[in-house]
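Below is one structure, written out as structure tokens, with a few remarks after it.
The numbers here are math on the coordinates, done by the rules we state, and not lab data. Computed from a predicted structure; not experimentally measured. Neighbour counts are summed over all protein chains in view; Cβ atoms, including those assigned to glycine, are modelled from backbone coordinates with ideal geometry.
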RNA sequence: GGGGAUGUAGCUCAGUUGGUUAGAGCGUUGCGUUGACAUCGCAAAGGUCACAGGUUCGAGUCCUGUCAUUCCCA
């Protein structure tokens, strides 16, 4: 195979992905290398929402999960990655509604089925885009097992799950106060309400209510007449951020400890405008330090007030409708929007002399996660899921170490949330989603001959099943009406790790083979929305914790550290654009090495000429190219040399060194990968390939080529890197195998693809038997660097070959063996290279003292000896300082208390420094 | 109010269980191009590890407090 001069990702990626996919290599059934000691690795994709396209967060998720997956597969674990997408109820419905709006259509004018059909069309489009993007990222997921939260199998799982929980009494229907989104016209869960940390600019109105006395028993005049409160003599003053709700007030509350109001408790006040006579009650939850210490209580429109209302048996007066417009209860304000009402009401309060003051105030406003609308607490009939026992079980799973969370610190968040969990409002007044599988007998049973022990509602997995039951209870005439609500989208995602594997059919081969999953990997921002729900529902429904490990990655942030939000499209980065500029491997390498587990990643990307640029991705692209060219070099060399399959017994120093380094790297990379420290692992591979293999080993191989080392080391490096950079490594590995088999008739070990080949295993013997190779090579490198350093310092032209004298002590033999290497890499004249145990310094030379070795470079004609003297003196001083430090250390308590190994290390370091100092002193004395 | 995270070179970030000259990439400076790679090579400069205490023979690393930035929960 002829390789291009530079790596061109575009030429490789699509072709290579299709090739993997076509051969079925993503399927667990295709694996060639199974290590019985490895536990199966099963992971399910966090299903992207079919709301549009993927963003950087998805790219990060996919990069990490594919790394995990490819690594596990190469290690020999039976590996399955299930892909899929999420219908994302409320979010998708909002997008389609917006799209229809542009075409002048409104959901409310359409039939439910017509609208749902529109959403399915959008789903098909979005799904296609998302799938292509996932494939562009190179993910090795088994597409034949792809799932969608609303496909038939998943819908069946949802219906079954609902029924099981319903039958256990864990799902119930109740009229409760919920967070109501007046734009999307649905209740939402607590998690879907977002509150700005510092509140939003608003006002605090202070209003007085007239108190009933024996001289005044309520307003005599019309509201708005300016005389409404005429005759009142006593007042109670309250503060509120929401004056319009006073129309629904049913009491005023004060703290029982608050002496200011002791005489007021049990009195009655009159609600402005409504003229409703309401009690003043004492309730210990009232904060006496807020405002005047007295608060108005609107049980139908505020969560705290709702609780007070329940405690004091107050009436619940609703003054707003589902659109947050004032209803008939609001009297003169009926029909007005809540904010218009507020404006008019405040004006009227002023007119009636009831407005005491208005102050600026930061209001903690809850907003709908998807719509941004200000949430209105509202009493409505909803379905709830009881979370008490499930929450406890999910907490225990972590407490009992049956499931681990990485990084560990998220365990605190986990416990805190689960220990304070409240029931989950699972119904949504939407059209897109899983319709609740409950049917009501209709018309109302009272119209039939109602009997108390006949059920009037049926929860079944299908309409047919519901009718079957109803008919047997009520006779063939019975009519059923299905609950119109749909389920919270997270209900179906909560079943994801098992609904994708065939549940509720517990005999499904996938369920039996692959459940529970090994890993759940996702961003920490959905730990409650998704992870906790999967664990709770998984334990409850399957009796098993759905995965062993939860790995949480950080969030992608913009260059200025902000969250990448859809509200700022100018800051959004499209991963495909980056892939287009740098290639998938570079994007992936950046993403997995940019950060540490659980910590956010700041993108260094900036816009230049309309395109995103990233220095770090550029670096990663360069790395791919470096590897490409290194392989290209190896291939041309090996093709031109006589390839020998059998190993050469007499390995040179560089051979022994690179093998030892490779094995060290394998040990460390495996350890780091197993510990999820992918960033560090990636850097180690980078350094091994670039600094060790390319900069030193390949350079030295130009002198003396040993293909049986050169090629296998590269082969191992490609394997190590494959989970990080799948495309370029596969492409090069194929090219390498072609040469191997053509030259040596090597069966490429029966692995048709790098992704199916075994991950390198360390040969510990190579490391333990080669400490000398590592030490010798390090010394050789130091000698070469020292000479290069001097050359650069004195600007000796590159083409100038210089003489060198090495007084090398015990290293003389080794260095003599490497004289050609020294000559080549330090550009020394090999005929003028003298190496011996001890050699005197010649006149007029530059000295590089290395401790064991001293290099004398006779450069008299080329350098200013005064400058050399100054340089050497400077270096001497530095060395002397280090010696003083070291000597002081060794006579201190350090020598008594530190472990012997550490002391020995310090001693040998000191000895080396002293030798170095002597070399320099001798040289200076001579000059 | 409660709980996290972060603060290390000009920039973006590493830094395992404390071990004594704190690392990388990019950027900067100097030199370099007949071949694996200019998407490159060689060399250099650059850091009181936010601050103040403490523990220890020894602290970027452990403890306490302070400051700054930031996130989550209520």
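Observations on the structure shown:
- Note that chain A shows a convex hull volume over its alpha carbon atoms of 255 Å³ per residue.
- Subtracting the Cα-Cα distance of residue A:19 and residue A:396 from their residue separation scaled by 0.36 nm leaves 131.2 nm.
- As a ratio to 2.2 N^0.38 Å, the alpha-carbon radius of gyration computed for segment A:587-694 takes the value 1.37.
- Relative to the longest principal axis of the Cα atoms of chain A, the long axis of helix A:584-593 lies at roughly 80 degrees.
- Legend: Rg and Dmax of segment A:273-376, from Cα coordinates, 15.0, 41 Å.
- Distance between the pseudo-spin-label points of residue A:862 and residue A:473 (7 Å out from Cα toward the beta carbon): 9.9 nm.
- With Cα atoms, 0 to 90° folded angle of helix A:726-744 axis to chain A main axis: 40
- Helix A:463-474 axis, angle to chain A major axis (alpha carbon atoms, nearest 10°): 30
- Expected-Rg normalisation [2.2 N^0.38 Å, Cα atoms] applied to segment A:802-926: 1.22
- Applying the Kirkwood pairwise sum to the alpha-carbon positions of segment A:333-389 produces a hydrodynamic radius of 15.2 angstrom.
- Relative intensity, log₁₀ I(q)/I(0), of segment A:572-620 from a Debye sum that treats every alpha carbon as a point, q = 0.16, 0.21, 0.24, 0.28 Å⁻¹: -0.41, -0.69, -0.88, -1.14
- Taking 0.36 nm per residue of separation and subtracting the Cα-Cα distance, full extension of the segment from residue A:839 to residue A:267 would add 195.0 nm.
- The spread of Cα positions in segment A:229-318, taken along each principal axis and listed from longest to shortest, comes to 32, 31, 24 Å.
- Descending by average beta-carbon neighbour count within 10 Å, the peptides A:489-497, A:151-159, A:516-524, A:118-126 line up as A:489-497, A:516-524, A:151-159, A:118-126, the highest first.
- With a simple spin-label model that places each label point 7 Å from the Cα along the Cα-to-Cβ direction, the separation between residue A:101 and residue A:32 comes to 5.6 nm.
- Per-pair calculated FRET efficiency, R0 = 45 Å: residue A:124 and residue A:765 via Cβ, rounded to 0.05: 0.20
- Using just its DSSP H runs of length 4 or more, each adding -39500 (n - 2.57), chain A gives a mean residue ellipticity at 222 nm of -13000 deg cm²/dmol after division by all residues.
- Where labels lie 7 Å past Cα in the beta-carbon direction, separation of residue A:373 and residue A:114 in nm: 2.2
- Of the peptides A:841-854, A:772-785, A:328-341, the ranking by mean beta-carbon count within 10 Å, highest at the top, reads A:841-854, A:772-785, A:328-341.
- With the convex hull of its Cα atoms as the shape, segment A:509-642 has an orientation-averaged projected area of 13.5 nm².
- Here segment A:197-364 yields Rg over Rh of 0.94, to two decimals, using C-alpha coordinates and the Kirkwood radius.
- For q = 0.11 Å⁻¹, Debye-computed log10 I/I(0) when each Cα of segment A:690-848 counts as one equal scatterer: -0.61
- Stokes-Einstein D in µm²/s, Kirkwood radius over Cα pairs - segment A:168-214 at 10 °C with 1.306 mPa s viscosity: 102
- Percent antiparallel among DSSP beta bridges (both partners in chain A, rounded to 5): 70
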